[in-house]
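K.L.:
I'd like to ask some things about the structure below.
The values are calculated or read from the model by the stated rules, or taken from the named source; none is laboratory data. Source: prediction; values computed, not measured. Don't worry about glycine lacking a Cβ; one is built from the backbone with ideal geometry, like all the others, and counts go over all protein chains shown. Just so you know, the surface numbers come from the protein's heavy atoms only, side chains and all, with ligands and any DNA or RNA stripped out. Shrake-Rupley method; radii C 1.70, N 1.55, O 1.52, S 1.80 Å.
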Amino acid sequence: MMYVQGFVLAVPEGKKDAYRDIAERFWEIMKDYGALSQVECWEADVKDGTTTDFRMAVKAEAGEKIVFSWVTWPDRATADASHDKLMADPRMAEQFGAPDGSDMPFDGKRMIVGGFEPIVNKQA
């Protein structure tokens, strides 16, 4: 069974290329630890809600765009086992800057992350 890790975050509009670069480099590491796919989506049509919405969820600030992304894994065990290996991989320190995330093109403290087991998965 597949396992999906989902992410929602806010990225300053002017840092789209920097974010794309980070995401592409991160994929090169994740796939080495068993990830099957990665999808990174840049806001194109995200409406403001009245009770809640993507912007409220990540406390988006003026000039930030919402990124909605997911990574698929063969199963939760593979995803869970990859975490410590990913964090220990020397490429993480070499390619992504300070361990506190201050060099990233977004505020990781406002990122939403979750793991999910699909209950419906259809493809044309």
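K.L.:
At a Förster distance of 22 Å, what's the computed FRET efficiency of E94 paired with A18, Cβ-Cβ distance as r, to 0.05? Mind dumping the intermediate values first?
P.N.:
Details: r = 17 Å, r/R0 = 0.76.
According to the calculation, E is roughly 0.85.
K.L.:
Cut-off 10 angstrom, C-alpha nodes, Gaussian network model of the chain. Which of D107, D17, D75 fluctuates the most?
P.N.:
Result: D17 has the largest fluctuation of those listed.
K.L.:
Just list whichever of K65/K85; K59/K85; K31/K59; K31/K122; K16/K109; K31/K109 have alpha carbons separated by over 28 Å in the model shown.
P.N.:
Numbers: K65/K85 30 Å; K59/K85 30 Å; K31/K59 30 Å; K31/K122 23 Å; K16/K109 18 Å; K31/K109 24 Å.
Pairs exceeding the cut-off: K65/K85; K59/K85; K31/K59.
K.L.:
Which option, [x] 1.10; [y] 1.26; [z] 1.37, is the value of Cα Rg over 2.2 N^0.38 Å that was calculated from these coordinates?
P.N.:
Among [x] 1.10; [y] 1.26; [z] 1.37, the one calculated here is [x].
K.L.:
On the first, second and third principal axes, largest extent first, how far apart are the outermost C-alpha atoms of segment 51-124 in Å?
P.N.:
The principal-axis extents, from largest down, are 40, 36, 22 Å.
K.L.:
Sequence-distant or interchain residues sharing an amide H contact under 5 Å with E64, placed H: which?
P.N.:
Those lying under 5 Å, H to H, from E64 are E13.
K.L.:
Right, something else. Carbon and sulfur together cover what percent of the accessible area of the chain at a 1.4 Å probe radius?
P.N.:
On the way: 4390 of 8010 Å².
Ligands and nucleic acids excluded, carbon and sulfur give 55 percent.
K.L.:
Next question, about the same structure. Solvent-accessible area per residue for segment 79-124 at a 1.4 Å probe radius, Å²?
P.N.:
Details: 3480 Å² over 46 residues.
On a per-residue basis, segment 79-124 sits at 76 Å².
K.L.:
Counting each DSSP H run of 4 or more residues in the chain as -39500 (n - 2.57), what helix-only mean residue ellipticity at 222 nm follows after dividing by all residues, to the nearest 500 deg cm²/dmol?
P.N.:
On the way: 4 runs with 39 residues, N = 124.
The per-residue figure over the chain is -9000 deg cm²/dmol.
K.L.:
Only sites in a loop by DSSP and with at most 15 other Cβ atoms within 10 Å count here; which trypsin sites (Lys or Arg not before Pro) in segment 1-98 make the cut?
P.N.:
Working: sites: K15, K16, R20, R25, K31, K47, R55, K59, K65, R76, K85, R91; in loops: K47, K59.
Of the trypsin sites (Lys or Arg not before Pro), the ones in loops of segment 1-98 whose Cβ has at most 15 other Cβ atoms within 10 Å are K47, K59.
K.L.:
Report the GluC sites (Glu not before Pro) located in segment 23-104 that are in a DSSP loop and have at most 12 other Cβ atoms inside 10 Å of their Cβ, or state none. Mind showing how you got there, number by number?
P.N.:
Numbers: sites: E24, E28, E40, E43, E61, E64, E94; in loops: E43, E61.
Listed in order of number, the matching sites are E61.
K.L.:
Grab the other residues whose beta carbon is less than 13 angstrom from that of H83, score K and R as +1, D and E as -1, and report the net. Can you show the working numbers first?
P.N.:
Values: positive: R76, K85; negative: D80, D84, D89.
Local charge sum for H83: -1.
K.L.:
Also, quick follow-up: Per residue, how many Å² of accessible area does segment 19-70 show with a 1.4 Å probe? Walk me through the numbers before you get to the answer.
P.N.:
On the way: 3240 Å² over 52 residues.
It amounts to 62 Å² per residue over segment 19-70.
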